[in-house]
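Asker: Sharing a structure here in structure tokens format.
Read the figures in this text as sums done on the coordinates, not as results from a lab. Bear in mind the structure is a predicted one, so any value in this text is a computation, not a measurement. For neighbour counting, all protein chains shown are included, and Cβ atoms are generated from backbone atoms with ideal geometry for every residue, glycine included.
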Amino acid sequence: MGGDQVFCTLGEKEVRIVSKARGGNMKYKLKRARYANVSVGEGKVVKSEILEVVENPANEIYRRRGIITKGAVIKTSAGLARVTSRPGADAAINAVLVEEIK
């Protein structure tokens, strides 16, 4: 069994509560996000605004629609960053800086 896909796009933060998980925990999916937690150096993380989706290797149409998945390259206020988390499962966008804005 599965549920409907929830694609994470740019916009004001919106989280969808999916269901109760084992042990009484809840599952969350991220529908929209404006900020990402970008790792910029050794142990340093900066909250950066997402400007656009530059590349998404999962599907070319995802890039055009601005959908963020794991592995997508996003342009942030800190620079280009690659998404390392799964927004549909983690309800957060964590990324690693690939190229700094000069």
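Asker: Treating cross-link reach as a plain straight distance, find the lysines whose alpha-carbon is under 27 Å from the alpha-carbon of Lys13, omitting any fewer than eight places away in the same chain.
Answerer: Lys27, Lys29, Lys31, Lys44, Lys47, Lys70, Lys75
Asker: Here's something else I'd like to know. Along the Cα→Cβ direction, 7 angstrom out, place labels at Ile61 and Val40. What is the inter-label distance in nm?
Answerer: 3.7 nm
Asker: Work through the residues other than Lys75 whose Cβ is under 11 Å from its Cβ and net out their charges, Lys, Arg +1 and Asp, Glu -1.
Answerer: Its environment carries a net charge of -4.
Asker: Once you keep just the Cα pairs under 8 angstrom separated by 6 or more residues, what percentage relative contact order results for segment 9-100? It would help to have the intermediate numbers written out before the result.
Answerer: Numbers: 218 pairs, mean separation 24.2, N = 92.
Relative contact order comes out at 26 percent.
Asker: Another question, then. Based only on other Cβ atoms within 10 Å, what is the fewest-to-most ordering of Glu55, Glu49?
Answerer: Fewest-to-most Cβ neighbours within 10 Å comes out as Glu49, Glu55.
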